[in-house]
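Q: Have a look at this one before I ask anything.
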Amino acid sequence: MSKKVRHVLGISGGKDSAALAIYMKDRYPNLDIEYYTCDTGKELDETYQLIDNLEVYLGKKILRLQGAENSNLDPFDHFLEMYGGYLPSSNSRWCTKKLKLEPFEKFVGDDPVISYVGIRGDEDREGYISKKSTIQSIFPFRQNIWSEDVIAKVLANTTIPFLVENLALQPFSIRAERFEEVLAQPLSPSFTKPQKLKLLLDTNTRLFNQLAFQYLKTTNYPLANEAEFPLVENDEILVRDDIFKLLEVSGVGVPAYYKKVDFGVEDLKSQYSRSRSGCYFCFFQQKIEWVWLYEQHPELYAKAMEYEKAGYSWAQEETLEELIRPERIKAIKEEFIKRTERMAEKQKSPYLLDILEAEGEGCAACFI
């Protein structure tokens, strides 16, 4: 007898994962979803407030997962001590491994799991995909709800006979001649996987999802254990505006750290905010976000500086003490204003977050 499939959704403390939790509760109330968050002990207070608000809306507890559960230190401090004071960096992301991924994979164990991921329809990234075959990621906000590994198998030339055969079993009323032509056309250097996927989804998203689901039933993916999967009928695409609307209409609210704050430098005026969730001292922050932290949460900035006393720094090129020298803050703000003007013209976007996120990188496990 096959194991019961678990449906899980991680709350990072950011807008997208919070909106996804709201969306799934509203659209798919019959799915028994387990909500969790990986608590590093070093999140902003606004993050914890968002999680509390979500619990009220969902009517369900959001499980707090922590690494080093039995330690008398906060999870981050426990592992920092274990690593000899060596701070995490983009080249050594032990924080992601120890504080996010390992607690999550311990939580799900070897059970078959569907993990819902809040990557929007206007983003071009895949997010964290577990290497465990028992964990399958689904992306409800995108036109393509499937992960790259699933798409590679579904659209492989060797799968075409199976798909064509199953297409013939679908009601004639939903079968389009163009869809059948594209489905039967093999991949080649002149007809790539992304091209084929886009054509199929644009022609009939629901039909493609149904065929993909039928294929998955022949595999070892967790969805092979499900008789039905309601998201195959999902052809919605949610973008940034939809995310903010979900948060506001639900009453959960937008995380406070996204609120734009005015600042000036000489005769220049602009606004800054934090662009993502995550630890207050995250090394993926841009310089202007460190300045935001220093000016909006000076007590947290001071704590972040304390971590550098072991001889390591959050950024390779300068310490936090050097970053807050008046002349350095002035230079960071001036460069940020110039950069936002360039990016605003290039992207034609009214959102400060679009500009911050476009130029910053991040860790998929933390910032979803």
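Quick note: the coordinates plus some simple rules give every number you see, no bench work behind them. Source: prediction; values computed, not measured. A quick note on method: Cβ atoms are made from the backbone with ideal geometry, for glycine too, and the neighbour counts reach across all protein chains shown.
Q: For the Cα atoms of the chain, what angle does the longest principal axis make with the long axis of helix 287-296, in degrees from 0 to 90, nearest 10?
A: 60 degrees
Q: Tally Lys and Arg at +1 and Asp and Glu at -1 over the other residues with C-beta under 12 Å from the C-beta of Glu248: what net charge comes out? It would help to have the intermediate numbers written out before the result.
A: Numbers: positive: Lys15, Lys245; negative: Asp241, Asp242.
Counting the neighbours of Glu248, the net charge comes to 0.
Q: Could you work out how much longer the chain between Tyr86 and Asp235 gets when fully extended? Use 0.36 nm per residue separation minus the Cα distance between them, nm to one decimal. Don't skip to the answer; put the middle values down first.
A: Numbers: separation 149, 0.36 × 149 = 53.64 nm, distance 4.58 nm.
Fully extending the segment from Tyr86 to Asp235 adds 49.1 nm.
Q: Further, regarding this structure: From the cross-link list Lys3/Lys61; Lys100/Lys259; Lys131/Lys245; Lys303/Lys330, which pairs have alpha carbons spaced over 29 Å apart?
A: Details: Lys3/Lys61 24 Å; Lys100/Lys259 26 Å; Lys131/Lys245 34 Å; Lys303/Lys330 22 Å.
Among Lys3/Lys61; Lys100/Lys259; Lys131/Lys245; Lys303/Lys330, the Cα-Cα distance tops 29 Å for Lys131/Lys245.
Q: Going by how many other Cβ atoms sit within 10 Å of their own, how do Arg93, Arg175 line up, fewest first? Mind showing how you got there, number by number?
A: On the way: Arg93 18, Arg175 15.
Ranking Arg93, Arg175 by Cβ neighbours within 10 Å, fewest first, gives Arg175, Arg93.
Q: Counting only DSSP beta bridges with both residues in the chain, what percent are antiparallel, rounded to the nearest 5?
A: Within the chain, antiparallel bridges account for around 40 percent of the total.
Q: Also: Rounded to the nearest 10 degrees, what's the angle between the helix 326-347 long axis and the longest principal axis of the chain, both from Cα atoms, 0 to 90?
A: With rounding to tens, the tilt is 30 degrees.
Q: Can you put Lys4, Lys330 in order of Cβ neighbours within 10 angstrom, beginning with the fewest? Present the calculation step by step, with values, prior to reporting the outcome.
A: Working: Lys4 10, Lys330 13.
Ordered from fewest to most neighbouring Cβ atoms within 10 Å, Lys4, Lys330 come out as Lys4, Lys330.
Q: Please list 251-259, 318-326 highest first by mean number of surrounding beta-carbon atoms within 10 Å per residue. List each step's numbers first, then the result.
A: Numbers: 251-259: 17.7, 318-326: 14.0.
The densest-packed peptide leads the list: 251-259, 318-326.
Q: Also: Using the 10 angstrom Cβ neighbour count as an exposure proxy, how do Phe191, Phe229 rank, fewest first?
A: On the way: Phe191 12, Phe229 20.
The fewest-first ordering by Cβ neighbours comes to Phe191, Phe229.
Q: Between Ile237, Ile174, Ile119, which gets the highest mean-square fluctuation from a Gaussian network model of the chain, Cα cutoff 10 Å?
A: Maximum fluctuation in the GNM of the chain, among the listed residues, is at Ile174.
Q: At a Förster distance of 25 Å, what's the computed FRET efficiency of Val164 paired with Lys217, Cβ-Cβ distance as r, to 0.05?
A: Details: r = 17 Å, r/R0 = 0.66.
Computed FRET efficiency for Val164 and Lys217 comes out at 0.90.
Q: Ok, one more. Taking 0.36 nm per intervening residue step and subtracting the Cα-Cα distance, what contour gain separates Arg328 from Ala156 on full extension?
A: Details: separation 172, 0.36 × 172 = 61.92 nm, distance 5.32 nm.
Result for the pair: 56.6 nm of gain on full extension.
Q: Here's another thing I want to ask about it. Hey, with R₀ at 56 Å, roughly what FRET efficiency would Asp52 and Gln195 work out to, going by the Cβ-Cβ distance, to 0.05? Please list the in-between numbers first.
A: Values: r = 45 Å, r/R0 = 0.81.
So the FRET efficiency works out to roughly 0.80.
Q: On to the next question. Rounded to the nearest 10 degrees, what's the angle between the helix 193-216 long axis and the longest principal axis of the chain, both from Cα atoms, 0 to 90?
A: Tilt of helix 193-216: around 70 degrees.
Q: Through the Karplus equation 6.51 cos²θ - 1.76 cosθ + 1.60, θ set to phi - 60°, convert the phi angles of region 67-76 into ³J(HN,Hα) values in whole Hz; use x for Gly and Pro.
A: Taking θ as phi minus 60°, the curve returns x, 6, 4, 9, 7, 8, 9, 4, x, 4 Hz for region 67-76.
Q: Find how much the distance from Ser133 to Ala224 grows on full extension, using 0.36 nm per residue of separation minus their present alpha carbon separation; answer in nm with one decimal.
A: 31.6 nm
Q: Efficiency by 1/(1 + (r/R0)^6): what FRET value for Asp110 and Lys245, r their Cβ-Cβ distance, R0 = 51 Å, to the nearest 0.05? All intermediate terms of the calculation are to be shown ahead of the outcome.
A: Details: r = 38 Å, r/R0 = 0.75.
Once the sixth-power term is evaluated, E becomes 0.85.
Q: Ok, one more. Please check which bits of region 212-247 a label hung off Leu187 would reach, taking the label as a point 7 Å along Cα-to-C-beta and the cut-off as backbone N under 20 Å.
A: Answer for this model: 212-221.
Q: Check which residues have an amide H placed less than 5 Å from Gly278's amide H, if you skip close sequence neighbours.
A: Here the answer is Leu44, since their amide H atoms fall under 5 Å of that of Gly278.
Q: Would you kindly calculate the translational diffusion coefficient of region 1-106, applying Stokes-Einstein with the Kirkwood radius from alpha carbon pairs, for 10 °C and a viscosity of 1.306 mPa s, and quote it in µm² s⁻¹ without decimals? The partial results should precede the final answer.
A: Values: Rh = 15.2 Å.
Translational D for this selection: 105 µm²/s.
Q: For n ≥ 4 DSSP H runs only, could you compute -39500 (n - 2.57) per run for the chain, divide by its residues and tell me the 222 nm figure to the nearest 500?
A: -12500 deg cm²/dmol
Q: Further question on the same structure: Quick one: Cα centre-to-centre distance for region 295-334 and region 6-42, in angstrom?
A: Cα centres, region 295-334 to region 6-42: 33 Å.
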